[in-house]
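In what follows, a structure is listed as structure tokens, so that the remarks can point back to it.
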Amino acid sequence: MKKLLLVMIVAAATQIQGFAAISVDQTTSPAVLQNKGFSAQTTDIVNVSKARANGLEYYTPDEEAYKQQNKFVRFWRKLYVYTDPAAEDYSFYHHNTTTTPSYQDL
């Protein structure tokens, strides 16, 4: 009788769900990604990808601040970025990549 009861308890315990499922929204949230050791740039890329999949535009706070600058400041910033390729131009993941420079880069 004890064996049968033990077998029934073990069988019932294996049938119980763990309820530990994590949704995609939870695994791709910026807090979870940064807690797992990903960089802020990676979390921005994930957020841009999610926004594009939903048909929305997403810009980081740095990009929003850059877009609000006046035309004179943006021109000098673009000129600086054009001459120094290592500088951040806040267009990462927001443009079509071309391999040849043109006047539209300024």
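The values are calculated or read from the model by the stated rules, or taken from the named source; none is laboratory data. Just so we're clear, the structure is a prediction, and the values are computed from it rather than from any experiment. Cβ: placed from backbone, ideal geometry, glycine included. Neighbour counts: every protein chain shown. The protein model used for the area step is the full one, side chains on, heavy atoms only, and it has no ligands, DNA or RNA in it. Shrake-Rupley method; radii C 1.70, N 1.55, O 1.52, S 1.80 Å.
You can think of it this way: the chain between LYS71 and VAL32 has 10.3 nm of extra reach, that is 0.36 nm per residue less the Cα-Cα gap. The modelled label-to-label distance between ASP25 and LYS2, using points 7 Å beyond Cα along the C-beta direction, is 5.1 nm.
Within the range 1-83, the chymotrypsin sites (Phe, Trp or Tyr not before Pro) that combine a DSSP coil assignment with at most 10 other C-beta atoms in a 10 angstrom radius are PHE19. Computed on the chain, with alpha-carbon pairs under 8 angstrom and 6+ residues apart, the relative contact order is 15 percent. Across all directions, the average projected area of the convex hull around the alpha carbons of the chain is 11.2 nm².
With protein chains left intact and a 1.4 Å probe, residues in the chain average 85 Å² of accessible area per residue. Counting only protein heavy atoms and a 1.4 Å probe, tell me what percentage of the range 1-65's accessible area is made up of carbon and sulfur. Carbon plus sulfur share of accessible area: 64 percent.
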